[in-house]
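Structure record follows, encoded as structure tokens.
A short reminder: the numbers here are calculations on the coordinates, not readings from a lab. In this text, all values refer to a predicted model and were calculated from it rather than measured experimentally.
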Amino acid sequence: MSRTEVAIYKDSTIIAADIATDAVETAKIKDANVTTAKISDANVTADKLSTDSVTTAKIKDKNVTKEKLADDVALVITSPYPFTTRGFSIPI
């Protein structure tokens, strides 16, 4: 139940119950005021990420696995030592 205008004026505060549903619009939210702490767990979904929004620097080490790669992605092995694959195969 929301408080009366007199109660709001008297104590100079506005609480969540005083704000009507759908009353706060994006334009009324100050820049940088929706913080990570305010976003509930599991609420940034793939649909909310724009194309190219996840960069290599943002991917944790060892978190892109063979299973995540497209079937046509080639594996490149680099080594400071010369080697050959003749006579054996390297599984990927």
Give the lysines whose C-alpha is closer than 22 Å to that of Lys38, dropping any in the same chain fewer than 8 places away, or say none. Lys28, Lys30, Lys48, Lys58
Kirkwood hydrodynamic radius, computed over distinct alpha-carbon pairs, for segment 5-68: how many Å, to one decimal? 16.5 Å
